[in-house]
Amino acid sequence: MAQSKAMTGVYIACAATACAVAAVVVANRMKARSQKTTARKILLEFQEACDTPLSRLRQVVDAMAVEMHAGLVSEGGSKLKMLPTFVDRLPDGNEKGLYYAVDLGGTNFRVLRVQLGGLEGRVIKQEYEEVAIPPELMLGTSQELFDFIAAELVSFVAREGDDFRLHEGQSREIGFTFSFPVKQTAVNSGTLIHWTKGFKVNDAVGQDVVAALQRGIERRGHKMRIAALVNDTVGTLAGGRYWNNDVMIAVILGTGTNACYVERAENVSKFTGEIPESGQMVINMEWGNFWSSHLPRTFVDELLDNESLNPGEYGFEKMISGMYLGDCVRRVLVKMAQEAGIFGTNVPHKLLEAFSLRTPDMSKMHHDDSSDLKVVAEVLKRVYGIQNTTVGIRKIVVEVCDTLCQRGARLAAAGIVGILKKIGRDGSTANGSVRRNNMFEQGDMNGYHDELPVNYTSDGRTVVAMDGGLYEHYIEFRNYMQEAVVDLLGEGSKNVFIELSKDGSGIGAALLAASHAEHVPSTF
Ligand code: GLC
């Protein structure tokens, strides 16, 4: 009897524990459900704020064309800098000899040499080396930065094999790809306007960057000539044009973003003096600084901008490029962690750290096609030590990536179509005929076209040379962008080709060094 009472006590105790466990499980489930519901609500609001329907994109297209025009009319006429590059000749395949390029401006620094063999031989041989830029140099002094570039270049030249040959009497001519806004006064000189993409070497602003590099080379007892100073977009355009005469525009979608294109020289002659024989000049737009009230800005953009090294500047770049996309995602996750507790009661410390989520990791999560989103779980664990996320929460993380990727890609597409529209190649001018519509007088932005640029080919094909890790590696980004270009251009998209011109900017700078060299070898 006594034993059976005791057993009953045990049963009751067990039942009570089971009830308590069940209650905890139910409570946890309810908590998870409510976290998910709050997070979904945040997501939906955010998606709405980021929305880029075609109607909005068309406004961005028009704003881009209008701002391009305004930037060309007067210096400072637009946030688009529209910088004349003094590049009035693009490579055509006849270039011969050995040329070099140094390339500073993204995540990596590169040096390159190329042996050119003219129309017959083309690129006989090329070699390049790449090193990550030591982070302290991005925030150090000008001398340290340019000495680093000079040292890399000099040691690269010293390690040259016999199969690379300078033509007799030829000096070493360099193309210097410097991918920041520069006010040029000639093809091989220009002063830095300001830094972008996380560089902040204050004493370099306002300096002639070619002279700074030249000094660095001379300090090492070497003599080389910097024949061309080029933005990476300009290098990409030159690299693309070397193979294909239809290349009129180049776009970079990488750490930063920017575009350049071929403009009628008379439209910039007030800044450059004479009109070159070719009648054309490449314009570095610095479109990263494009601004329009039609851009779908959100709380994320405000926060990111306020905390950036260049607040109030490069708003377009901060919505699109590889340096910033991951951080935009992180900021939405912080909101969800704080307001919905998606990663537990405490917000993981590291999640609050700016730039802790890199765009390659965002891309990995976005492309996760496993049923339980294990790549998302792996990234959250590796980067933030976050464990035990439910599949539901992981799905939300993927949707945040998707929203920001889609917004950035579609805005980039609108930018490209804006340029096409400005130069009359968006397909709405029948068979390449010239139409000029004075929208400024009429206040009508639709159907605006400038005169067609020179070298308009008979079949009306336009090629956009594209480079940059974001476009190359982030497949969803690339797909969204291409889709939006086609949607915006409609029928006109048949004549527009976007071609990946991988590492074109390095070889393009060397090609420009060749076409602007002091001594051009006629035979080889
Ligand atoms: C930044 C620079 C610009 C460069 C672009 C892509 O926007 O200001 O000069 O072309 O990044 O690298």
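The values are calculated or read from the model by the stated rules, or taken from the named source; none is laboratory data. Please read all numbers here as calculations on a predicted model, not as lab measurements. Here Cβ is always computed from backbone atoms with ideal geometry, including for glycine, and neighbour counts include all displayed protein chains.
Please list, ordered by first then second residue, the pairs with beta carbon atoms under 7 Å, 6 or more apart or interchain, first in region 61-75 and crowded, with 16+ Cβ neighbours inside 10 Å, second at pLDDT 95 or above and among the aromatic types (Phe, Trp, Tyr).
Once the first residue is crowded, with 16+ Cβ neighbours inside 10 Å and sits in region 61-75, its partners that are at pLDDT 95 or above and among the aromatic types (Phe, Trp, Tyr) give MET64/PHE290; GLU67/PHE290.
Collect the residues in region 76-90 that are in contact (Cβ under 8 Å) with a residue 60 or more places away in the chain and under 24 Å from the mean Cα position of the chain (by Cα), keeping them in residue-number order.
If the condition is that a residue be in contact (Cβ under 8 Å) with a residue 60 or more places away in the chain and under 24 Å from the mean Cα position of the chain (by Cα), then LYS79, LEU80, LYS81, MET82, LEU83, PRO84, THR85, PHE86, VAL87, LEU90 are the ones that fit.
For region 108-153, what are the residues that are over 30 Å from GLY206 (Cα atoms), surrounded by 14 or more Cβ atoms within 10 Å (Cβ to Cβ) and among the small types (Gly, Ala, Ser)?
Within region 108-153, GLY117, GLY118 qualify.
Are there any pairs with C-beta distances below 9 angstrom linking a residue in region 28-51 that is more than 25 Å from GLU302 (Cα to Cα) and of a type in the set (Val, Ile, Thr) to a residue that is assigned to a helix (DSSP H, G or I) and at pLDDT 85 or above, with the two at least 6 apart or on different chains, and if so which?
So the pair list comes out as THR37/ALA340.
Are there any helices (runs of 4 or more DSSP H) wholly within region 250-367 with 2 or more residues that are within 16 Å of the ligand (Cβ to nearest atom) and within 30 Å of GLY424 (Cβ to Cβ), and if so which?
Passing ranges, in order: 315-320.
Looking at the structure I just gave you, is GLU144 charged (D, E, K, R) and within 24 Å of the chain's Cα centre (by Cα)?
So GLU144 fails the test.
Going through region 307-330 one residue at a time, which ones are surrounded by fewer than 21 Cβ atoms within 10 Å (Cβ to Cβ) and among the aliphatic types (A, V, I, L, M)?
LEU309
Taking the stated definitions as given, is THR233 touching a residue at least 24 places away in the same chain (Cβ under 8 Å), in a loop (DSSP other than H, G, I, E, B), near the ligand (Cβ under 10 Å from one of its atoms) and within 30 Å of ARG58 (Cα to Cα)?
no
Suppose the filter is over 23 Å from LEU420 (Cβ atoms), more than 16 Å from the ligand (Cβ to nearest atom), part of a strand (DSSP E or B) and in contact (Cβ under 8 Å) with a residue 40 or more places away in the chain; does ILE217 pass it?
So ILE217 fails the test.
Would you please list the contacts, defined by Cβ atoms under 6 Å and residues six or more apart or on different chains, that run from a residue in region 173-188 that is away from the ligand (no atom under 16 Å from the Cβ) to a residue that is among the basic types (Lys, Arg) and part of a strand (DSSP E or B)?
Correct list of pairs: GLU173/ARG225.
Identify, by number, the condition in (1) hydrophobic (A, V, I, L, M, F, W, C); (2) away from the ligand (no atom under 16 Å from the Cβ); (3) modelled with pLDDT of 95 or more; (4) surrounded by fewer than 24 Cβ atoms within 10 Å (Cβ to Cβ) that VAL247 doesn't meet.
Here VAL247 meets the rest and fails (4).
Can you tell me how many residues in region 371-393 are surrounded by fewer than 20 Cβ atoms within 10 Å (Cβ to Cβ) and under 25 Å from SER34 (Cα atoms)?
13
Across region 494-509, what is the number of residues that are assigned to a helix (DSSP H, G or I) and within 27 Å of GLU173 (Cβ to Cβ)?
The total comes to 6.
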